[in-house]
Amino acid sequence: MKVGILGCGAMAETFADTLRQMEETECYAAASRTLKRAEEFAREYGFEKAYGSYEKLCEDPEVELIYIATPHSCHFDNMELCIRHKKPVLCEKAFTLNAEEAERIKELAKQEQVFVAEAIWTRYMPSRNMIQEIIDSGIIGDISVLTANLSYPITHKERIMRPELAGGALLDIGVYGLNFALMHFGTDIERIESSVRMTDTGVDAMESITIFYRGGRMAVLTHDIYSRSDRKGIFYGEKGYIIVENINNPQSISVYDTQDRLLKRIDVPEQISGYEYEVLECINAVRSGEKESSSMPLADSIEVMKIMDELRGQWGLIYPQEKEQ
């Protein structure tokens with residue numbers, strides 16, 4: 001399948017490097033806001049075409065799938081452009097600024113009959129089912145608590161510190177913790193409590209989020225943009241606990257009993273980067289005529305955005321674009 005990339009930043013570089021190692025994809029076209037950058041990107045990663053505007057990419061009849069790798073604040077406009085040109089879309093997380101934008105994208109995609117999916121890669125990885133199978137096996141009994149943390153020192157990145165780019169920890173890395181909880185504990189949520197510290201620029205720097213589920217379960221999530229955490233996800237049960245190494249790209253799953261004895265350790269399959277799984281699912285879906293991903297349907301993307309809207313409401317965090325609406 002001929003793939004186009006919209007936005008030529010660091011994330012797009014990893015994605016492009018993955019594409020060129022896949023048999024199922026062709027590195028076809030790259031688009032940036034400047035032709036020079038698009039041409040540099042195309043040369044480095046072996047793309048056939050380079051465009052200095054996103055419109056030109058969407059107008060190319062050969063493009064079969066477009067991957068969007070722009071800042072969060074641009075996602076709605078970029079997806080709308082692709083959808084109106086009937087181009088299937090795989091858009092980076094966070095899907096949009098808020099749930100309202102996500103719902104509008106879903107309606108537009110339905111209206112235009114175009115495939116759209118969010119590129120939250122952990123939803124597509126085999127580790128997702130591996131973790132769930134261990135949970136469902138009952139090896140650690142009834143699970144009461146899930147904890148997950150994800151932090152990176154990323155304050156040097158302009159897009160993280162600027163509110164007009166929807167910066168901050170939540171939309172960039174908090175989305176992984178939330179998806180980890182929702183994938184394995186579901187969405188039957190009773191209430192959410194949180195605390196936050198803001199940067200001087202007005203974005204969320206560090207946060208602690210507690211999700212209380214009906215039935216008694218609880219998920220405790222922490223994220224920040226100053227430090228490097230161990231990135232572990234842990235499920236606590238009556239007969240032991242499960243440790244997932246790196247919730248952002250799981251590497252192994254270890255199961256312990258109540259005496260802290262290792263019962264089993266499972267390594268995830270070798271991979272190119274982890275991006276290949278979302279690409280393969282999109283290719284199969286588009287070729288089958290499906291309009292959504294089964295691993296990350298748009299209803300799930302909207303649910304995540306609603307939770308992030310609620311959290312920002314608790315913090316009084318409103319992005320500049322939302323103030324203008």
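The values are calculated or read from the model by the stated rules, or taken from the named source; none is laboratory data. Keep in mind it's a predicted model, so treat the numbers as computed, not measured. Ideal geometry is used to build each Cβ from the backbone, glycine not excepted, and the neighbour counts take in all protein chains shown.
Can you give me the number of residues within region 184-231 that are over 20 Å from Ile302 (Cα atoms) and not polar (S, T, N, Q)?
Qualifying residue count, region 184-231: 23.
Only one of these conditions is not met by Ala50: (1) in a helix (DSSP H, G or I); (2) free of Cβ contacts under 8 Å to residues at least 24 places away in the same chain. Which number is it?
Unmet for Ala50, out of (1) in a helix (DSSP H, G or I); (2) free of Cβ contacts under 8 Å to residues at least 24 places away in the same chain: (1).
Is there any pair with a first residue in region 145-165 that is over 13 Å from Gly177 (Cβ atoms) and a second that is among the charged types (D, E, K, R) and at pLDDT below 95 whose Cβ atoms are under 6 Å apart and which are 6 or more apart or on different chains, and what are they?
What qualifies is Leu165/Arg159.
Restricting to region 189-232, give me the number of residues that are in a loop (DSSP other than H, G, I, E, B), surrounded by fewer than 17 Cβ atoms within 10 Å (Cβ to Cβ) and of a type in the set (Ser, Thr, Tyr).
Residues in region 189-232 being in a loop (DSSP other than H, G, I, E, B), surrounded by fewer than 17 Cβ atoms within 10 Å (Cβ to Cβ) and of a type in the set (Ser, Thr, Tyr): 4 in total.
For Glu133, all conditions in the list (1) surrounded by fewer than 23 Cβ atoms within 10 Å (Cβ to Cβ); (2) over 30 Å from Leu262 (Cβ atoms) hold save one; what is the number of the exception?
Failed condition: (2).
What number of residues within region 247-292 satisfy the criterion of being among the β-branched types (Val, Ile, Thr), over 15 Å from Ser127 (Cβ atoms) and more than 24 Å from the chain's Cα centre (by Cα)? It would help to see each step written out before you state the result.
Of region 247-292, the ones among the β-branched types (Val, Ile, Thr) are 247, 253, 255, 258, 266, 268, 272, 279, 283, 286.
Now restrict to residues that are over 15 Å from Ser127 (Cβ atoms): 258, 279, 283, 286.
Filter again for more than 24 Å from the chain's Cα centre (by Cα), leaving 258.
Here the count works out to 1.
Which residues, taken from region 200-242, are among the β-branched types (Val, Ile, Thr) and closer than 18 Å to Val175 by Cβ? Lay out the reasoning, then the answer.
Of region 200-242, the ones among the β-branched types (Val, Ile, Thr) are 201, 203, 209-211, 220, 222, 225, 234, 242.
If the condition is that a residue be among the β-branched types (Val, Ile, Thr) and closer than 18 Å to Val175 by Cβ, then Val203, Ile209, Thr210, Ile211, Val220, Thr222, Ile225 are the ones that fit.
Can you tell me how many residues in region 146-161 are surrounded by fewer than 19 Cβ atoms within 10 Å (Cβ to Cβ) and assigned to a loop (DSSP other than H, G, I, E, B)?
Residues meeting the conditions: 5.
Among the residues of region 71-82, is any touching a Cys at 6+ places or on another chain (Cβ under 6 Å), farther than 19 Å from Cys282 by Cα and surrounded by fewer than 23 Cβ atoms within 10 Å (Cβ to Cβ)?
No, the conditions are met nowhere in region 71-82.
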